[in-house]
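Have a look at the structure below, then the notes.
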Ligand code: ATP
Ligand code: LTN
């Protein structure tokens, strides 16, 4: 049987420490997690094992992992309410991932959009891990009997695949082998777009750093990036993703920060110019990030405290994960070291 969480929903998500986190990660993921942690049993990871599917410099990986962890906490994720941990510190992720490798099909993995995109960029030596990446993600999700997985639009396909594999294994080994999860996509800022190429999502690993707002950018850097944000050759401020992706992106960012509706925001900009919209958006972002940046720096100065938080959180996560691994091992016919059958 799946572990008992009482009546609480289990929510799990993670971010890769591939670089410093961006405004996209914050508005599209972390800010929503903070709201969820009071009502659900939450697991929020830094997925370092996913990060190495693309070559990483070891010291940069370490630094990005600390930065992500500190950002989670600084943004308001409370280790007393949610479990915050580093994926590689819970070995059950790799264990379950192998099992799922034996139940997933090459055909379904080949259809993953992220794999197609990232393998195209990897040249002729495509790491196998890039291909099996969604199975490590499926393991992350299934280990904790997660019901809901908050992700951006781009990750929805991976959660759908997780559902398919969970259902496949449930039909082989019993309906209570895995909880079948659902993706949970926040409506506002589901996709924060690149400031230079507003038809592409803002990303940590974008080639042009001017398109991404990093969570440790200085106020001046933030202001400059917004001032240079790509708009269009018209002058009217209205929301139209197809015709005006740059302007729409700035409006969405404002909506995600203030909670205002797009209609209200648009009404406020009647007769105003793009310059106003850009500067207002920059000011809002600077104001929103300021306390977060201060707290992140404090935490990064105190790795002892971060380690204490991690240790406690990872132990709790590991206990749950181990239960799941044992259940799956037992059902597929592995002999458990505890108690012969
Ligand atoms: P990379 O550039 O390394 O591919 P990324 O910046 O796209 O990374 P991920 O680590 O893939 O970020 O994503 C972490 C979480 O943040 C996911 O839930 C993802 O959907 C969300 N996220 C990432 N970028 C954005 C964005 N631009 N808008 C909204 N959500 C985003
Ligand atoms: N693949 C995701 C990160 C990720 C994740 C997860 C998200 C890894 N494991 C489990 C939700 C649940 C990404 O690139 N955004």
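Suppose only helical runs count, i.e. DSSP H with n ≥ 4. What mean residue ellipticity at 222 nm does that imply for the chain under -39500 (n - 2.57) per run, divided by all residues and rounded to the nearest 500 deg cm²/dmol?
It lands at -16000 deg cm²/dmol.
Legend: calculated FRET efficiency, residue 233 to residue 316, from the Cβ-Cβ distance at R0 = 51 Å, rounded to 0.05, equals 0.40.
Distance between the C-alpha centres of the stretch 245-292 and the stretch 152-215: 25 Å, rounded to the whole angstrom.
Step by step: find N for the chain, compute 2.2 N^0.38 Å, then divide the Cα radius of gyration by it. What's the final number?
My calculation over the Cα atoms of the chain gives 1.04.
Beyond 15 Å, what share of the Cα-Cα pairs of the stretch 51-126 is found? Please give it as a whole percent. Percentage above 15 Å: 73. Note that the stretch 46-172 shows a convex hull volume over its alpha carbon atoms of 126 Å³ per residue. Classify the stretch 1-112 as rounded, prolate or oblate, taking a ≥ b ≥ c as the square roots of the eigenvalues of its Cα gyration tensor: rounded when a/c is under 1.5, otherwise prolate if a/b is larger than b/c and oblate if not. Since a/c reaches 1.5 but b/c is at least a/b, the shape of the stretch 1-112 is classed as oblate. Each peptide in 80-89, 64-73, 96-105 receives the mean, over its residues, of other Cβ atoms within 10 Å, and ordering these scores from highest gives 64-73, 80-89, 96-105.
Legend: ranking of residues 119, 248, 203 from fewest to most surrounding C-beta atoms inside 10 Å; resulting order 119, 203, 248.
Our estimate of slack between residue 331 and residue 103, defined as 0.36 nm per intervening residue step minus the Cα-Cα distance, is 80.7 nm.
By the count of neighbouring beta-carbon atoms within 10 Å, fewest first, 320, 158 end up ordered 320, 158. What the Cβ-Cβ distance of residue 38 and residue 63 gives, at R0 = 35 Å and to the nearest 0.05, is a FRET efficiency of 0.70. Normalised by 2.2 N^0.38 Å, where N is the number of residues, the alpha-carbon radius of gyration of the stretch 157-248 equals 1.61.
Remark: spin-label model distance residue 338-residue 9 equals 3.1 nm, labels positioned 7 Å along the Cα→Cβ axis. Each of the peptides 146-155, 219-228 was scored by the mean count of other Cβ atoms within 10 Å over its residues; in descending order, highest first, they stand as 146-155, 219-228.
Readers should treat all values here as calculations from the given coordinates under stated rules, not as data from a laboratory. A quick note: this is a predicted structure, and the numbers were derived from the prediction, not measured. Every residue, glycine as well, gets a Cβ built from its backbone with ideal geometry; the counts of neighbours run over all protein chains shown.
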